[in-house]
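Only one structure is covered here, and it is reproduced in the block below.
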Amino acid sequence: MKKGLTLVLSLVALWSCKNEVEKTTPMVEIETEQTEMQVNLNKYVSVKLTTDLSGLTENERKMLPILIKAADKMNALFWYEAYGDCDALLNSIEDNDTKKYASINYGPWDRLANNKPFVDGVGEKPKGANYYPQDMTKEEFENATLENKSGLYNFVRRDESGKLFTIPYHQKFEAEVKEVSSLLLEAAELADDAGFKKYLELRAAAVLNDEYQASDFAWMEMKNNTLDIVIGPIETYEDQLFGNKAAHEGYVLIKDQEWSERLARFSRFLPELQKGLPVADKYKQEEPGTDSDLNAYDVVFYAGDCNSGSKTIAINLPNDEEVQLKKGTRRLQLKNAMQAKFDKILLPITDVLITEDQRKHVTFNAFFANTMFHEVAHGLGIKNTINNKGTVRTSLKEYASALEEGKADVLGLYMVQQLHAKGELKEDLKDNMVTFMAGIFRSVRFGASSAHGKANMIRFNFFKEMGSFSRNEDGTYAVQFDKMEVAMKELSKVILTYQGEGDYDGVGAFVSKYGEIPEELQSDLDRLSEAGIPVDVIFEQGIETLGL
């Protein structure tokens, strides 16, 4: 046990896996002895998700609870994908703190500790989560003849004879997706914006048949809506066996029109920035779609995959490569969640690990810009290999997500540097670089089970090798600005080349070499925990929190 201030979290209705909107009450400080599980809970700090609703129309205020209810249904679906029988697990746990932690992690494995099990009797997390039979080997899957076996939207299961087969999401979750579809159609009836209405109607149809492309196109075409919902099976991070299967999640969002107007002008630079990427021409022949949007939102509800472990603060969608090439992507900056992480996590990290004379360069504007251009950078580079190995995602399999996140991080900083050179960004470039360095320390704490965490480990080790920063005797770090620019371009070249070649073995060796936390860095990260700095946030959210 450890003695000190324990942050005790009261979670109402969080222990249920069913479709009930999550409600939380804030953490309170109590002087007590800390159990190991209380220490785990203290990795998270509670944040209230709210925003100014005064600008919404009457119909939008009516829509918001409906959208939240639809998004909330993603919780049960993701529980099944990540673990299996949620109720059976929670009912088997007697300790309330352990139940709370299982709810945060959507299972008995600690997402901030490389999926270490924290429930007695539970073994290691299967690499394929609950998407595949636990006894299935990679070789068995690769040799099996299955319908759409590498598809995004199905489970692999065994029949009574032990033979593998696939079952589509819309069949496995038939009752649940019918409810989601009904709610989306109910919201569509209230939509004032024609584009948003069309998207909701098409998304309502898509959850019933797992055909999402039409709704993705409609989502890219709508421009004037204030409310938004991102819902369905989207990211493939949870499948660490092959990186094939998409996980269910939901965000409910309110656009910040003023901030979005500031960002809109950057989209026009994408074709020019693509041409200027620091890599051979053959790896940048694809042209990003020109309909790409940069928008700022306040997020008022998270559910499912995006609500598990470390929380997303920016989104770049859709993932469909065909939609990306024709329409580009939409980059959504979740401003209120971003501000919370900056205030409660990044600034305290800065005071511990950044050299004193560079701390002034860690700013929210730089954090916002770095995060924004990270999302923009997902649209740059290459989506299809240059040697007929298919898409980058399918050729790099389980490494694809981590490498893509690493690409987005380093190309995001490259883009900031390029736009500074053009005079489009006025802030001090040193702000972006030092904030970027502090951000590595923040994200690497997510652990190797997170694609973002592994990407940051790779970047830290690569940048260290290139001399991009130095470590002082007092355990603080100083950015070497000129060397960081060189390393940024070199790492961009390495990643873009691996992606273009679809070099699975090469990427595996690269991740093995650079993807581990050095002992010295781990000791520095331990100092952050000893200082009581949380790793991430959990949310007080929902209809009641918004006062609806």
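Values quoted throughout were computed directly from the atomic coordinates according to the rules given, and no laboratory measurement underlies them. Everything numeric here is computed off the predicted structure, so don't read it as measured data. So basically every Cβ, Gly included, is an ideal-geometry build from the backbone, and we count neighbours across all protein chains shown.
Brief remarks follow.
- Under-5 Å amide H pairs with Asn154, H placed in peptide plane, nonlocal only: Tyr169, Ala246
- Other residues lying with their Cβ under 15 Å from the Cβ of Lys127 contribute a combined charge of -2, Lys and Arg counting +1, Asp and Glu -1.
- Gyration tensor verdict on segment 441-548 (Cα atoms; rounded if a/c is under 1.5, prolate if a/b is larger than b/c, oblate otherwise): oblate
- Secondary-structure-derived ellipticity at 222 nm for the chain, considering helices only, amounts to -13500 deg cm²/dmol, per-run term -39500 (n - 2.57) for DSSP H runs with n ≥ 4.
- Linear extension gain, Lys178 paired with Lys426, 0.36 nm per residue minus alpha-carbon span: 84.3 nm
- Here is what passes the span test in the chain: the DSSP H helices with alpha carbon length of 27 Å or more along the helix axis and a Kyte-Doolittle mean of 0.0 or above are 400-421.
- Long-range HN-HN contacts of Gln34 with modeled amide H, under 5 Å: Lys2, Lys3, Gly4
- Loop sites by DSSP among the trypsin sites (Lys or Arg not before Pro) of the chain, restricted to those with at most 13 other Cβ atoms within 10 angstrom, leave 224-421 as the longest stretch without any of them.
- Close amide H pairs (under 5 Å, H built 1.01 Å from N) link Arg331 with Asp293, Leu294, Asn295, residues at least 5 positions away or on another chain.
- When Phe373, Phe173 are sorted by how many other C-beta atoms sit within 10 angstrom of their C-beta, beginning with the fewest, the order is Phe173, Phe373.
- Listed as lacking a disulfide-compatible partner in the chain: Cys306, by the criterion of no other cysteine Cβ under 4.7 Å.
- Tensor-based shape of segment 170-298 (alpha-carbon gyration tensor, a/c under 1.5 rounded, otherwise prolate or oblate): oblate
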